[in-house]
1. Quick one: accessible area per residue over the range 1-140, 1.4 Å probe, rounded to a whole number of Å²?
2. Based on the Cβ-Cβ distance from D4 to H311, what FRET efficiency comes out when R0 is 35 Å, to the nearest 0.05?
3. Distance cut-off 28 Å, Cα to Cα: go down the list K51/K359; K51/K328; K221/K254; K131/K328 and report the pairs above it.
4. With a 10 Å radius around each residue's Cβ, average the other Cβ atoms per peptide and rank 438-445, 11-18, 314-321, 330-337, highest first.
5. Let me have the 222 nm mean residue ellipticity of the chain computed from DSSP H runs of 4+ only, each contributing -39500 (n - 2.57), with the sum over all residues rounded to the nearest 500.
6. If you put +1 on each Lys and Arg Cβ and -1 on each Asp and Glu Cβ, how big is the dipole of the range 286-445 around its Cα centre, in Debye rounded to 20?
7. Quick check on packing: order 256-269, 299-312 by the mean number of other C-beta atoms within 10 Å, highest mean leading.
8. Amide H neighbours of S141 under 5 Å, counting only residues 5+ apart in sequence or on other chains, H built in-plane at 1.01 Å?
Amino acid sequence: MNQDVDVAIIGAGSAGLSALREIRRHTENFVLINDGTYGTTCARVGCMPSKALIEAANAFHHRHRLREMGISGGDRLTVDRAAVLRRVRALRDAFVAYVLERTQDLGERNIMGRPRFVAPHVLEVNGTRVKARHVIIATGSRPVVPPAWDALGEHVITSDDLFELEMLPPRMAVVGLGSVGAEMAQALSRLGIEITGFDRVEQVAGLTDPVVNRDAVARLKEEFLLCLGANAEIDVESACVRVSAGANTVIVDKVLVALGRRPNVEGLGLEQIGTELDGDGIPRFDPRTMQVGDLPVYIAGDVNGHLPLLHEAVDEGYIAGYNALREKPECFQRRTPLSIVFTDPNIASVGQAFSELDKDEIVIGEFDFSDQGRALMAAENHGRLRAYADRHDGRLVGAELCAPRGEHLAHLLACAIHGRMTAQDILRLPFYHPTVEEGVESAVRRIAKQLAGHSGPDLASCESIWNETQD
Ligand SMILES: Cc1cc2nc3c(=O)[nH]c(=O)nc-3n(C[C@H](O)[C@H](O)[C@H](O)COP(=O)(O)OP(=O)(O)OC[C@H]3O[C@@H](n4cnc5c(N)ncnc54)[C@H](O)[C@@H]3O)c2cc1C
């Protein structure tokens with residue numbers, strides 16, 4: 001039986017479901033085609049179980065701060081790692097169940113199978129043809145594992161396997177210290193696993209500012225062994241794994257491979273849609289419309305390799321769904337880039353990365369949290385924030401940080417950048433005392449000091465407000 005629909009969405013992940021919500025505002029004539037497990041990467045094996053594990057690990061780790069606060073007995077606390085993992089899975093199941101509700105009423109419009117393009121408008125799935133006026137590709141990504149390591153069986157795991165473990169082994173290596181690797185290495189270490197982290201570069205968690213990176217590396221090094229700047233090699237030795245990089249070698253029970261993710265494009269027949277594909281097999285697309293070339297095809301979420309984060313996948317699904325039902329695609333302004341790595345201290349990058357900026361065109365405001373009042377009270381006075389502003393107009397353009405409760409500071413900075421605020425505008429915002437947010441205020445004040453001609457009174461004068469309302 002052939003089907004004729006307005007829209008075919010390929011992939012029932014966060015991007016696909018976001019597109020679906022938008023499509024359903026206008027038509028019920030669609031199909032959602034999914035190959036693989038339903039429930040989304042975020043809820044099943046990504047954001048949600050990883051943060052549930054981190055919460056437990058941090059709760060246990062905080063026992064080290066208790067003595068300093070005058071509380072004894074912390075060193076007698078123990079962790080039941082099997083129970084931690086059971087809780088992670090129970091939470092994960094609840095999050096997944098909530099996601100599954102969103103496809104429950106689709107009936108035959110929910111097709112399980114792997115589709116293949118035979119033309120830009122036509123897909124083949126499970127032996128039938130689906131003719132769609134528009135197609136949205138939202139097939140996500142999967143962890144990269146070098147083929148030689150894949151052959152090492154259960155000794156080598158990825159984030160897809162980690163939360164399924166009933167028990168954690170005593171010694172683990174984490175290879176790759178981007179956001180996933182850094183988060184999981186610290187969480188596992190805090191749960192009492194002997195961890196060694198490896199990365200071929202000297203930067204961790206996506207940081208590009210060498211000053212902030214130095215702080216982040218120093219913090220992580222206090223908790224587990226880090227081997228940076230050399231390629232890791234792994235070999236199985238009877239029941240264990242030998243991991244070597246440069247002059248360092250460790251013997252561990254399992255290796256968590258966190259080398260990034262690759263797009264799920266195999267078998268989709270993208271070569272049939274008549275557009276050029278890049279080296280990863282991804283067609284050229286416009287990130288403001290999500291349209292592939294000038295075809296009736298859209299590509300959203302991790303599969304396009306653009307911004308592999310949950311909120312971006314949701315935005316891209318929305319844009320694709322919005323445009324798939326219009327004659328002419330609308331161009332959308334993307335949000336200010338915001339990436340948070342849930343290590344402790346949190347690591348975050350906001351707006352333009354330090355590496356992208358012309359250093360002659362910016363001024364930098366730096367803040368060191370080692371003496372900050374609120375951070376001292378909480379015994380979490382570590383880390384650094386560096387904010388960057390355009391030297392000519394004083395607007396904030398980016399920031400990188402490794403700071404206590406940095407997730408909230410990053411949000412604040414992202415909102416300021418999104419609102420095109422200058423250092424002076426930010427200094428006129430309300431800042432409560434005593435909070436870690438005062439670290440942002442201090443960094444921005446240091447920017448304002450360097451901006452000749454852009455400083456003014458700390459508060460907006462009544463006259464300036466009156467003038468604004470008259471404009
Ligand atoms: C460990 C980990 C932690 C993370 N933490 C965070 C975080 O804290 N914050 C954050 O913002 N982001 C985080 N992310 C990233 C976030 O999870 C992803 O950006 C997001 O889930 C991507 O959604 P998606 O819709 O593109 O892909 P997915 O949710 O993976 O959806 C893709 C769907 O397509 C299906 N599919 C695959 N191939 C085919 C095919 N050929 N045909 C049909 N269907 C197919 C799959 O079964 C799946 O249902 C994390 C990721 C990981 C792995």
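The values are calculated or read from the model by the stated rules, or taken from the named source; none is laboratory data. Because the structure is a prediction, the values reported are computed rather than measured. Neighbour counts run over all protein chains shown; Cβ positions are idealised from the backbone, glycine included. Protein only, heavy atoms only, side chains kept; ligands, DNA and RNA dropped before computing areas. Shrake-Rupley method; radii C 1.70, N 1.55, O 1.52, S 1.80 Å.
1. Per-residue accessible area for the range 1-140 comes out at 50 Å².
2. The pair D4/H311 has a calculated efficiency of 0.55.
3. On the way: K51/K359 35 Å; K51/K328 40 Å; K221/K254 20 Å; K131/K328 20 Å.
Beyond 28 Å between Cα atoms: K51/K359; K51/K328.
4. 11-18, 314-321, 438-445, 330-337
5. The helix contribution divided over the chain gives -9000 deg cm²/dmol.
6. Details: 15 positive and 25 negative charges, 60 e Å.
Dipole magnitude for the range 286-445 comes out near 280 debye.
7. 299-312, 256-269
8. Here N264 satisfy the definition.
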